[in-house]
1. Only one residue in A:187, A:205 is in contact (Cβ under 8 Å) with a residue 40 or more places away in the chain, outside the structural domain of residue A:46 (by TED's automatic domain parsing) and under 19 Å from the mean Cα position of the chain (by Cα). Which one?
2. Looking at (1) assigned to a loop (DSSP other than H, G, I, E, B); (2) surrounded by 19 or more Cβ atoms within 10 Å (Cβ to Cβ), which one does residue B:246 not meet, given that it meets all the others?
3. Pick out, from region B:70-157, the strands (runs of 3 or more DSSP E) lying fully within it that include 3 or more residues that are within 18 Å of the chain's Cα centre (by Cα).
4. Return yes when residue A:108 is within 14 Å of another protein chain (Cβ to nearest Cβ) and not in a strand (DSSP E or B) and no when it is not.
5. Can you find even one residue in region A:245-263 that is farther than 30 Å from residue B:254 by Cα, facing chain B (nearest Cβ under 8 Å) and surrounded by fewer than 16 Cβ atoms within 10 Å (Cβ to Cβ)?
6. Kindly indicate which of A:228, A:224 is away from every other protein chain (no Cβ under 14 Å), within 23 Å of residue A:157 (Cα to Cα), in contact (Cβ under 8 Å) with a residue 24 or more places away in the chain and of a type in the set (Val, Ile, Thr).
7. Checking the conditions here, which among B:301, B:202, B:231, B:295 is modelled with pLDDT under 95, away from chain A (no Cβ under 14 Å) and part of a loop (DSSP other than H, G, I, E, B)?
8. For residue B:175, all conditions in the list (1) away from every other protein chain (no Cβ under 11 Å); (2) in contact with a helix residue (DSSP H, G or I) (Cβ under 8 Å, 6 or more places away or on another chain) hold save one; what is the number of the exception?
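The values are calculated or read from the model by the stated rules, or taken from the named source; none is laboratory data. What you are looking at is a predicted structure, and each value in this text was computed from that prediction instead of being measured. Neighbour counts are summed over all protein chains in view; Cβ atoms, including those assigned to glycine, are modelled from backbone coordinates with ideal geometry.
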Amino acid sequence: MKNAIKIIASLFLLFVFTASVVNAQKWQAPVLSKKKQNPYEASTRNISSGKKIYNINCKSCHGDATMGNMLPLQPVAPSDLGSQAFLIQTDGEIYYKVNKGNGAMPTFEKTLSDEDKWMVITYLRSFDQNKKESKKIVEVKNPEVTDVKLLLDINNENKRILANLTGVTAKGDRVALQGIELSVKVKRNFGYLDISGDDAYTNEKGEVNVQFPEDLPGDREGHVNLLVKVTDDAYYGEVIVDRIASLGIPTNPVNPLDERAMWGTRANAPIWIIFSYVGGVICIWGVIFLVLFQLIQLPKLAKNKE
Amino acid sequence: MKEETSNNSRRKFLKSVGITVGAAGVVSGFSLLGAAKAAAQEPGETVNLLTQDGQLVQVDKNQLRPTVTGPLTELQKRGREGIAGKSFVMVIDLSKCRNARKCMAACQNHHQLRPDQHHINVLQMQDAEHTAPYFMPKPCQHCDNPPCTKVCPVDATFKRQDGIVLIDNERCIGCRFCIAACPYSARIFQWTEPKDAEKYKNLTYNIEANVPQKKGTVSKCLFSADRLRENKLPSCVSSCPNGVYYFGDQNEDAVTNGTTHETVRFSQLIKENAGYTLMPELGTKPRVYYLPPKNRAFEFNGDLLNEENLH
């Protein structure tokens, strides 16, 4: 009985000890860094741009915030950055960890600007149910609308794309929707190139004006596949417009096989190589045949001499 | 008199040898042609042939074709032509590589390679005594002026219209001239029976993936040409956990990151980050661009097979 108590006691001690060791290995930010405040307000714009940055730089490992679909890495899986257990940390703590990195987590000290990092933190904080740190500020209040329409007006002359977002109110009026972010994208082989720029929010007329890059190549006729959508599906569901526009630079793809080159296979070899090679072969065989011919002639010559 | 006869016999001997050798050459040259023509004329006749694995089989003569001009399989034909209108480029951001080696694993899986065979290899680099060491993934550079295709004696390795350099293992005779010619050491030789040779022996040869691998032939990175046909990124690019690789079409001036799936302008990416190519002084014009290991996302810890790095 005494022995059993001893064993249990030692096991308990061991357990406490290991637990403390594990705790000591937990990633802690220094006390000073915890006090750092997020200088940016939790506006819809900041949250939206934070989400963009999150999707590019964090999502591949951490998954979608609150969804728990992170990469199952060993020995420590990345945490769900939208979970309440994570958001218990102060903004300063998160900022410190994003900057420094730990183990498989890279440092973003130089790869992301300070503003970008704070935007991401603003975005993550929008999942905080306690919302101690900041409150979501909505600058513009759009009326409840149905039948949301996105119209495109493309000016080929100066390569500008004008998108107009409207909806129908309960009274039946079609009104402009203000302060909604739009994404203007160009289809490329393996993905969409975002050309919307930093400030693609609809104005009071519901319009966004985007300059198409001057030097972006299109196909042979200069056609490009344009895709304009409301960035956040949470507002009005999926609002997408797909359009083929001739805004790109007409590009004729160069086929490297069109010209004869040293690296080409037999069919594409330079003419001078073909000539000199064939000439060489003919010369060598010619000499051999000449020698053979002379050999055949030898007995005849001998007879004539006799 | 005696002298004369000996002279005569030497002449006769030389004459006969000369005629025999010459005739043999001409006859053997024409006999292949003749055989092929004869085969076309006489239907229904069968011949006994010895297969590669030592089995005697009877084949209809009409089925026989000379090897050189024979019809290539559809896969080989389109594999030689490439994808029209494309010009593929890869950008490798060295500041993000931490030697996770996921690219190598995905590549070996795709191309049926053993762990010691590399189409892409992550190297530990140090350019000079006092410079900072870094990790550098090194695939085939798919040069626009490839030294390897110049030396192939049998047209087995070639460049396609989309810029990719491939090998036809059905043609390769294993002379390894191309391995010697490549300044980037991008090519490997299958010295032994390849991995899972028994398992894949009935698989149709796919020239755009070099599978199944063939003993006694050369193999190398193909930019996963079979995946590009389906508009998928190469295996190494999409398997990288750290956003090292960008891949895209230079004609569209856009490259897509395999990890974040962010699409950026190729020219801007190279310009803003001072992108460079390997050994430009050789004039090989590589299609793989590197971004210098500046502002690293990970500390270099110097150990190529460090456990901590391998994720």
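1. Numbers: A:205 fails: under 19 Å from the mean Cα position of the chain (by Cα).
Unique residue meeting the criteria: A:187.
2. Evaluating residue B:246 over (1) assigned to a loop (DSSP other than H, G, I, E, B); (2) surrounded by 19 or more Cβ atoms within 10 Å (Cβ to Cβ) leaves (1) as the failure.
3. On the way: elements: B:88-93, B:121-125, B:134-138.
Because the criterion is at least 3 residues that are within 18 Å of the chain's Cα centre (by Cα), the strands (runs of 3 or more DSSP E) in region B:70-157 that meet it are B:88-93.
4. Here the answer is yes, as residue A:108 does meet what is asked.
5. Going residue by residue through region A:245-263, those that are farther than 30 Å from residue B:254 by Cα are none.
No, region A:245-263 contains no residue that is farther than 30 Å from residue B:254 by Cα, facing chain B (nearest Cβ under 8 Å) and surrounded by fewer than 16 Cβ atoms within 10 Å (Cβ to Cβ).
6. Working: A:224 fails: away from every other protein chain (no Cβ under 14 Å).
Just one listed residue meets the conditions, A:228.
7. B:202
8. (2)
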